[in-house]
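Written out below as structure tokens is the structure these notes cover.
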Amino acid sequence: MSNPQEYALYQRAKQMGVSDSTAKDYIRTVIIQAQKIHSK
């Protein structure tokens, strides 16, 4: 976890009751989505 926002997403995913690997996949997806939005 490099930045606080990633950590916050990770914590939120964990609270939803998902596993570590699922949480990391979720974060990766969110980051990719955000990068697509920012690059426009």
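The values are calculated or read from the model by the stated rules, or taken from the named source; none is laboratory data. In this text, all values refer to a predicted model and were calculated from it rather than measured experimentally. Cβ atoms come from the backbone with ideal geometry, glycine included; neighbour counts cover every protein chain shown.
Structure above, values below:
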item	result
Residues of segment 7-29 classified as β-branched (Val, Ile, Thr) and either loosely packed, with under 14 Cβ neighbours inside 10 Å or touching a strand residue (DSSP E or B) at 6+ places or on another chain (Cβ under 8 Å) (or both), total	2
Counted residues, segment 4-29 - those being within 11 Å of the chain's Cα centre (by Cα) and either touching a residue at least 24 places away in the same chain (Cβ under 8 Å) or part of a loop (DSSP other than H, G, I, E, B) (or both)	1
Condition check for Ile32: part of a helix (DSSP H, G or I) and either modelled with pLDDT of 85 or more or surrounded by 10 or more Cβ atoms within 10 Å (Cβ to Cβ) (or both)	yes
